[in-house]
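Data block below; observations after.
The values are calculated or read from the model by the stated rules, or taken from the named source; none is laboratory data. Since the model is a prediction, treat every value here as computed from it, not as a measurement. Here the Cβ positions follow ideal geometry from the backbone for every residue, glycine too, while neighbour counts run over all protein chains shown.
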Amino acid sequence: MDIRPLELSIVIVASDCNPTILNPDFLARTGIVPDDWGWKVAGPPITTPPFASVNYNSGVIISVESNKFNVVQRALDKEPDPDLIAGIAQRYIEVLPHVRYTGVGHNFKAFVEQADTEAFLKERFVKAGVWDSKHHALEAVSFTLRYPLQGGHLNVSLNGAAILDSSGDEPKQLHGVLVQANYHRDCPEYPSVGQVLQHVGHINTDWKHFQTTASEILG
């Protein structure tokens, strides 16, 4: 089964982040995004009291809200690099160790091409019954599956979707299943820097687990 990565992200949940400090100069000066990486800022950075965001031409987006710090890597046309966003998140936490961090989430989004997606999902996951009958014709289905995770939980959602594939000479629309997962782990201690760094360090294991789990769920 061909699983096409679309997006990876790390979300550090906190209760007292300060969005106003986030800007390209801060990220370069603190070594969170070093100058020698050669990344260019794509579009004007946003820095306001409720929200701040810096987008790079590498496909990485860093944002801060009062209750979370977020690093996103969009991987539509290249192999994702979990270690890259993990390193950014780890350096951010080390620069700001006194924020009250309360949880870490690893989020993965991928696409599996599938002809007649809705029929596939219905056949694989929905038992025949009155909910899919002549009087109640079932047009589409989506699912959220929840699993236990040491120190937290894993949510996996499945939805029919279409994406635009621009890898060939002519862009084309692909139909299939959008698979999204959230690996969430709590950080009840304070200071919680050690816990946060430990949880962020699981991203490669989580990414491999996600790919295996998606393949098994979809068969």
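Overview of values
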item	result
Scan of segment 1-58 for residues that are under 30 Å from L218 (Cα atoms) and not basic (K, R), ordered by number	M1, D2, I3, P5, L6, E7, L8, S9, I10, V11, I12
Near pairs, Cβ below 7 angstrom, 6+ apart or cross-chain, from segment 181-209 (surrounded by fewer than 21 Cβ atoms within 10 Å (Cβ to Cβ)) to any residue that is part of a loop (DSSP other than H, G, I, E, B) and among the acidic types (D, E)	Q195/E189
Counted residues, segment 180-218 - those being touching a Pro at 6+ places or on another chain (Cβ under 7 Å) and farther than 22 Å from L6 by Cα	2
Selection status of L8, surrounded by 13 or more Cβ atoms within 10 Å (Cβ to Cβ), over 30 Å from Q114 (Cβ atoms) and not β-branched (V, I, T)	no
Answer residue from segment 1-23, given it is outside any loop (DSSP other than H, G, I, E, B) and more than 19 Å from Q90 (Cβ to Cβ) and is nearest to the chain's Cα centre (by Cα) among those	E7
Which numbered condition P34 fails, given (1) modelled with pLDDT of 95 or more; (2) within 24 Å of H209 (Cβ to Cβ); (3) not basic (K, R)	(2)
Residue that is nearest to C17 (Cα to Cα) [pool: residues in segment 210-219 that are in contact (Cβ under 8 Å) with a residue 60 or more places away in the chain and part of a helix (DSSP H, G or I)]	F210
Residue match in segment 117-138 (condition: over 20 Å from Q90 (Cβ atoms), within 25 Å of the chain's Cα centre (by Cα) and surrounded by fewer than 13 Cβ atoms within 10 Å (Cβ to Cβ))	no
Scope segment 129-154; condition closer than 20 Å to D116 by Cβ and not in a loop (DSSP other than H, G, I, E, B); matching residues	S142, F143
Extreme residue, nearest to I85 (Cα to Cα), among residues of segment 46-57 that are of a type in the set (S, T, Y), crowded, with 17+ Cβ neighbours inside 10 Å and in contact (Cβ under 8 Å) with a residue 24 or more places away in the chain	S53
Qualifying residue in segment 36-45 (condition: surrounded by 15 or more Cβ atoms within 10 Å (Cβ to Cβ), closer than 30 Å to V179 by Cβ and either without any contact (Cβ under 8 Å) to a residue 40 or more places away in the chain or touching a strand residue (DSSP E or B) at 6+ places or on another chain (Cβ under 7 Å) (or both))	yes
Where Q180 falls short, out of the listed (1) over 14 Å from the mean Cα position of the chain (by Cα); (2) part of a strand (DSSP E or B)	(1)
For P97: the one exception among (1) surrounded by fewer than 20 Cβ atoms within 10 Å (Cβ to Cβ); (2) touching a helix residue (DSSP H, G or I) at 6+ places or on another chain (Cβ under 6 Å); (3) more than 26 Å from G152 (Cα to Cα)	(3)
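Yes/no per residue for (1) out of contact with any Pro (no Cβ under 6 Å at 6 or more places or on another chain); (2) among the aliphatic types (A, V, I, L, M); (3) more than 15 Å from V196 (Cα to Cα):
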| position | (1), (2), (3) |
| --- | --- |
| I10 | yes, yes, no |
| I21 | yes, yes, yes |
| I62 | yes, yes, yes |
| Q90 | yes, no, no |
